[in-house]
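Worksheet: the structure to be examined is printed underneath.
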Amino acid sequence: MTNKQMTSSETEQTDDQQPNPTPGTDSLADRGTDIGVETSSRDDPATVTDRTIIESRDLDVYYGDDQALNGISMEIPEQQVTALIGPSGCGKSTFLRSINRMNDLIDIARVDGELFFREKNVYDDDVDPVALRRRIGMVFQSPNPFPKSIYDNVAYGLRVQGQDDNLDEKVHTALERAALLDEVEDQLDSSGLDLSGGQQQRLCIARAIAPDPEVILMDEPASALDPVATSKIEDLIEDLAEEYTVIIVTHNMQQAARISDKTAVFLTGGNLVEFDDTTKIFENPESDRVEDYITGKFG
């Protein structure tokens, strides 16, 4: 991961609604066919060279008569951190929720265009959104642990999906990957609600990665946290990108510059104005509008 740097901040309202998981019985071995695409084996990061895992083509999203996204086309690379930035109401969270069909939960939402996960259009009629979300996990803006023990929070998705073999090992592995195990190893029976805000968010990340998804979506995961907790989340995101594809919406441009490999800049009207390597976006953007936004002239 290259060093990242740079500038100001922005804010966008996000929807913290989380769907209730639907019980299923598919194992990790089976999930390659549950949405009609092959499951990729984990690759050495050195061998992954900007291979596309998510691609949108002329994607439009409407909430009733209001258009939230306007013809979004981009290719998101595997096992890297892609940041989505832009002013409030520009559509970046809407795009994030489109990837694993969270917008299906909004009655007035309508999606046109195509969005591919490993070359399979996730909006095809034969795609089960619940199965899709097992492959593409999500972490929300505010920490939302269940009113259960730390152990049961992490084990929840595994049990729902029938992955209760070697449960202790999977829970411990998820907590370790989320950089939380050392802090909670002796209190796994304690309520997840008793943790600090930063610990709760890392618990939610552990819960999201426990079923071993391929993509992790993060909607402003550090916006409610103090600087120390935010730093831990940022370090964790960079570590997770060694195994997962991470797509993060952030209101903080310095954060995007620090942790991401690619940056997509959404501006008013639900338009994707520029998408490129993060260093180029922040140091030499092609669009004058992006430069004005990055330097704080508007937004």
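The values are calculated or read from the model by the stated rules, or taken from the named source; none is laboratory data. Note that the structure is a prediction, hence the values are computed from the model and not measured. Here the Cβ positions follow ideal geometry from the backbone for every residue, glycine too, while neighbour counts run over all protein chains shown.
Across region 38-63, the number of residues qualifying as at pLDDT 95 or above and either out of contact with any helix residue (DSSP H, G or I) (no Cβ under 7 Å at 6 or more places or on another chain) or more than 15 Å from V215 (Cβ to Cβ) (or both) comes to 11. Taking the criterion of being assigned to a helix (DSSP H, G or I), touching a Gly at 6+ places or on another chain (Cβ under 8 Å) and under 11 Å from A206 (Cα atoms), the residues of region 136-176 that qualify are I150, N153. Reported count of residues in region 263-296, each being in contact with a helix residue (DSSP H, G or I) (Cβ under 6 Å, 6 or more places away or on another chain) and of a type in the set (D, E), is 1.
Residue check: is D58 more than 13 Å from the chain's Cα centre (by Cα) and either in a helix (DSSP H, G or I) or within 20 Å of D261 (Cα to Cα) (or both)? In short, no. Of the helices (runs of 4 or more DSSP H) entirely within region 226-299, those holding at least 1 residues that are of a type in the set (A, V, I, L, M, F, W, C), modelled with pLDDT under 95 and farther than 18 Å from T52 by Cα occupy 227-240, 253-259, 288-294. Residues of region 158-185 being of a type in the set (V, I, T), within 11 Å of A210 (Cα to Cα) and either surrounded by 20 or more Cβ atoms within 10 Å (Cβ to Cβ) or in contact with a helix residue (DSSP H, G or I) (Cβ under 6 Å, 6 or more places away or on another chain) (or both), which ones? Residue satisfying the conditions is V171 alone.
When you look at L158, is it modelled with pLDDT of 95 or more and hydrophobic (A, V, I, L, M, F, W, C), yes or no? Spelling it out, it is not the case that L158 is modelled with pLDDT of 95 or more and hydrophobic (A, V, I, L, M, F, W, C). R118: closer than 26 Å to A241 by Cβ and out of contact with any strand residue (DSSP E or B) (no Cβ under 7 Å at 6 or more places or on another chain), yes or no? Here the answer is no, as R118 does not meet what is asked.
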